[in-house]
Amino acid sequence: MTPDEDTSRGVVVLRVGDLVDNAQRAVRWVGRTGWGLGQRLPGAGLVDRELRRVRRQVRRLGKGAMDELARGVAAINRELAARGGPAANGRPGGLRAGMAELLGRALESDAAESKQYLYQGMLRRLVPDEARILAALSDGTVYPVLDVAVRAAFGQQKELVLRNASTVGRAAGVALVEDAHVYLGRLLELGLAERGPARDSLETEYEVLRADPVVRAAEERARELGNRAPRLIRGSVQLSPLGKDFWAACAPEG
């Protein structure tokens, strides 16, 4: 771009139109990254910094340039609002703009791009310990699962005290071993893992699982609630077909 010289002040400044164009390009770049749907734009800082720089430059040009800048900033704010960015945060219009952008992407996306959006959404929902469990399941190993329930009287619905206790958390080396059943439950909800029937080949591991402090505490609570021995429901867990595809797409290289 071509600078203009302000000889009265002895400095070189950019035309305000060029400066506003820079800020608008920053806005368009933020929009292309897909940020800002349902949350504050991580790229909004870029726009704010660009606008502050523009203002500093324009102060050297006088009132006419300031008026031009004001018009440019108004246009930028309208563009941000249309993208569901910071200018629209907290306003119903921002939510509508966000939904409109998603629908627009749906029209433009092919199957491969849609799968990438799905995997990105899943990846954002995972915590580090859950990634460890996925890695442990990724080699095809099947792990035992236990649910602990109050033994209900005939005809009554069973009450689960503990769901999805498994040895996979300890095998994966999760930091919060006592919460491994919570992690596994979330992976099941996402469809990345799936439960199957009990397996005779896992008999030894079921016994190991019963010695787990979390399982023992759940058994004791179920015994207190039902005034009788708890019911233990055996199962197994492995990576689902979706989980296998997800891991193939997201697994770190090397």
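Throughout, read-outs are computed from the coordinates displayed, never taken from laboratory work. Quantities reported herein were computed from a predicted structural model and do not represent experimental measurements. Positions of Cβ are generated from backbone atoms using ideal geometry, with glycine treated the same way; all protein chains shown enter the neighbour counts.
Along the Cα-to-C-beta direction of Y117, a point sits 7 Å from the Cα; which residues of the range 188-205 have their amide N less than 13 Å from that point? The answer is none. Approximating the spin labels as points 7 Å out from Cα along Cα→Cβ, the E203-to-V177 distance works out to 2.6 nm.
Compute the normalised compactness of the range 122-250: alpha-carbon radius of gyration over 2.2 N^0.38 Å, N being the residue count.
Working: Rg = 15.0 Å, N = 129, 2.2 N^0.38 = 13.9 Å.
Dividing the Cα Rg of the range 122-250 by 2.2 N^0.38 Å gives 1.08.
Computed from the Cβ-Cβ distance with R0 of 22 Å, the FRET efficiency linking R216 to R125 stands at 0.10. Put the Cα centre of the range 231-249 next to the Cα centre of the range 133-204 and the gap is 10 Å.
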